[in-house]
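For reference, the structure discussed in these notes is given below.
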Amino acid sequence: MNNDTIISVEGLTKRFGDFTAVDSISFQVGKGEIFGFLGANGAGKTTAMRMLCGLSMPTSGKASVAGFDIYKQTEEIKRNIGYMSQKFSLYEDLTVRENIRFYAGIYGKTNSFIKEKTAFVLKQLHLEKDADKLVRSLPLGWKQKLAFSVAIFHEPQIVFLDEPTGGVDPVTRREFWNMIYKAAEDGITVFVTTHYMDEAEYCDRVSIMVDGRIDALDTPSGLKSNLKASSMDEVFLMLARKAKRTGD
Amino acid sequence: MKQFGAFVKKEFYHILRDRRTLFILLGMPVVQIIIFGFALTNEVKNAKVLVFDNAKDVASTSIIHEIDASQYFDVQQNVTSYSQVESAFKRGAVKLAVVFPSGFNNDLEHVNKAPIQLIADASDPNTANTLINYASAIIMDYQDRITNEHRLPYTISTEMRMLYNPQLKGAYTFVPGVMAMVLMLVCTMMTAITIVREKEMGTMEVMLVSPVQPLKVVIAKAVPYLLLSMVNVASILLLSVFVLDVPIHGSLFLLVGESLLFILTCLAFGLLISTVTDSQQIAMFISLVGMFLPTIMLSGFMFPIENMPILLQVISHIIPARWFFVIVTSVMIKGLGLGAIWKETLILMGMMLFLLTLSIKKFKIRLA
Ligand SMILES: Nc1ncnc2c1ncn2[C@@H]1O[C@H](COP(=O)(O)OP(=O)(O)O)[C@@H](O)[C@H]1O
Ligand SMILES: [Mg+2]
């Protein structure tokens, strides 16, 4: 592990009863990287991510996030990460502005920081006119973009995104990925799960999870040339054919 | 503290923007009390009363007069022996008999203390209860008035006899029952549901990934419901005094304090429920079956505890509402002070602390 490693995972395992959801995975993520965490439904992506965020206790294995141990230093980890869960996680009955205000308040940001940054975020999202509308009234794509902005509002070192573009139309997905690039440019490490294979092409490196194990880990072009595949879709099909688990 | 305030504010947004639920929560006690009020007035208006006055002095005469003047009672006849009382009840000619001992006023003036006996036909226990309560209230008013006039602590003790159903004793009213029910719904059920909703929606997860202490989040969620419950307590008490004519005989301060204790107990229970489930439906189900039904069935407000099978009597001891019911009845109807209900108060306090400790312990920081 060198100085530029920000997430380091070794033999991380999670069992629910006698079912192994995450089976001894190991990988490292570098600072500023966009790391794609791919896999079919039920492969174990969410479970692995939740362990890294301190939401779920691993059964065994080691991991550190932003230099902190996931067993002992969860409080420090929490201060340094942002998280966008697989479920939509803004309050539908609060306005755009109230949601931003609330989540920013959780991280103990000062009022002046919140005010300035809120104006910036609203402008970036072109939501200035809708700032006082209830989130419920926004289209899904806008909600997801807003949720992402909220997740990185406090300027974390790493942001974990769990299927952030699920159910979103292709155009908005493009816009969403532009926002991810922007965040990466600002130095935020992005750890993103997805099952859209075209999105894998946008990542610096991708890991492909099959039945709880990581079956491949490389840059998109590396994976394609290794497996002599023409697209990530093909790569994924070749690997996923081995899967025994069916999605839930 | 500023952060906590922001959490509470957000919770108020949720509640105030869900108009329908808010309306139900605030309107429910009003509707219950009013429905009961109508049922009650229909039921006991001009109930026939028999008087057996062995004293025939100024005090007994004015009490009889006041009973007669009330819209609930109609004094039918004076009798001169217990056998006449009995035969009147047997014929079903009267619902209530008031018996004054000889030398009633004399005792009152010299030892400041005198008894009155109230006899009711308890084959209809609800009506009997209501009649006894109303008659007691009139007598209590009289006692309060002469106490004020003469600046002496007069005590008129009312001894109650429930004919044909002697097991039924004490003064039960609907008001303490409605209070227990409403507080349970608002505090236990709504608190459990609102916390579980955040789990269901995934917002709880986002908070658990943040540096904020989860317990703070949860307690902030309970604060608005505490306030809402206090509003409900106030509206129930106002309605019972001004619409049902059920006066508060004991200390209002004590009554509110005890209500607060019960509210906290309910909140703690709601918190506990929210730690064992992730589904709003299940949370609602547990609140209804685990708290609401036992409250109605076993707290003594629908069915007298003394008449229950032993097993249910034993179970009733773990129902917080049972103790709260005794407390409210004692303070509000009988006008007793903390000295008479310290035992029930301690039990409730113990339950509250137990539930709170348990739920805080169970509140998992890591979801799994
Ligand atoms: N709390 C849990 N208890 C039991 N099984 C679980 C639990 N959470 C997830 N699983 C199982 O673990 C597997 C991986 O789930 P998940 O990590 O959500 O997959 P993904 O995010 O890749 O779709 C699934 O088969 C799922 O049913
Ligand atoms: Mg998932």
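The values are calculated or read from the model by the stated rules, or taken from the named source; none is laboratory data. Bear in mind that the values here come from a model prediction, so they are computed numbers and not experimental data. Glycine also receives a Cβ, built like all others from the backbone with ideal geometry; neighbour counts cover every protein chain displayed.
One residue alone among A:ASP218, A:ASP186, A:ASP204, A:ASP169 is more than 16 Å from ligand 1 (Cβ to nearest atom), surrounded by fewer than 21 Cβ atoms within 10 Å (Cβ to Cβ) and under 30 Å from A:PHE19 (Cβ atoms), and that residue is A:ASP218. The residue of region A:7-38 that is nearest to ligand 1 (Cβ to nearest atom), among those that are under 17 Å from A:VAL190 (Cβ atoms) and of a type in the set (Gly, Ala, Ser), is A:GLY36.
Scanning region A:78-86 finds one or more residues that are under 22 Å from the mean Cα position of the chain (by Cα), away from ligand 2 (no atom under 16 Å from the Cβ) and closer than 29 Å to A:PRO139 by Cα.
Only one of the numbered conditions (1) under 24 Å from A:SER24 (Cβ atoms); (2) more than 11 Å from chain B (Cβ to nearest Cβ); (3) under 19 Å from the mean Cα position of the chain (by Cα) is not met by A:GLY141, and that is (1).
Being over 28 Å from A:MET179 (Cβ atoms), acidic (Asp, Glu) and more than 14 Å from chain B (Cβ to nearest Cβ): is that true of A:ASP18 here? Criteria met by A:ASP18. Scanning region B:121-129 finds no residues that are modelled with pLDDT of 85 or more, closer than 30 Å to B:VAL175 by Cβ and in the same structural domain as B:ASP57 (by TED's automatic domain parsing). Within region A:39-55, residues that are within 26 Å of A:LEU237 (Cα to Cα) have Cβ atoms under 6 Å from residues that are near ligand 1 (Cβ under 6 Å from one of its atoms) and in a helix (DSSP H, G or I) in these pairs: A:GLY39/A:LYS45, counting only partners at least 6 apart in sequence or on another chain. Of the residues in region B:172-190, not one is on the phi > 0 side of the Ramachandran plot and at pLDDT below 75.
Residues are listed down the side, and each one gets a yes or a no for (1) within 14 Å of chain A (Cβ to nearest Cβ); (2) modelled with pLDDT under 90:
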| residue | (1), (2) |
| --- | --- |
| B:ILE296 | no, yes |
| B:LEU338 | no, no |
| B:LEU356 | no, no |
| B:ILE360 | no, yes |
| B:ARG366 | yes, yes |
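Listed by position, the helices (runs of 4 or more DSSP H) contained in region B:212-327 that have at least 2 residues being of a type in the set (D, E, K, R) are B:214-242. Against the conditions (1) more than 16 Å from ligand 2 (Cβ to nearest atom); (2) under 15 Å from A:ILE208 (Cβ atoms), A:THR59 satisfies every one except (2). How many residues are of a type outside the set (Val, Ile, Thr) and either within 16 Å of B:MET179 (Cβ to Cβ) or not assigned by TED's automatic domain parsing to the domain that holds B:ILE263 (or both) when one looks only at region B:299-325? Qualifying residue count for the region: 10.
Name, by its number, the condition in (1) more than 14 Å from chain B (Cβ to nearest Cβ); (2) within 16 Å of ligand 1 (Cβ to nearest atom); (3) under 27 Å from A:LEU140 (Cβ atoms); (4) among the hydrophobic types (A, V, I, L, M, F, W, C) that does not hold for A:LEU239. Among (1) more than 14 Å from chain B (Cβ to nearest Cβ); (2) within 16 Å of ligand 1 (Cβ to nearest atom); (3) under 27 Å from A:LEU140 (Cβ atoms); (4) among the hydrophobic types (A, V, I, L, M, F, W, C), A:LEU239 violates only (3).
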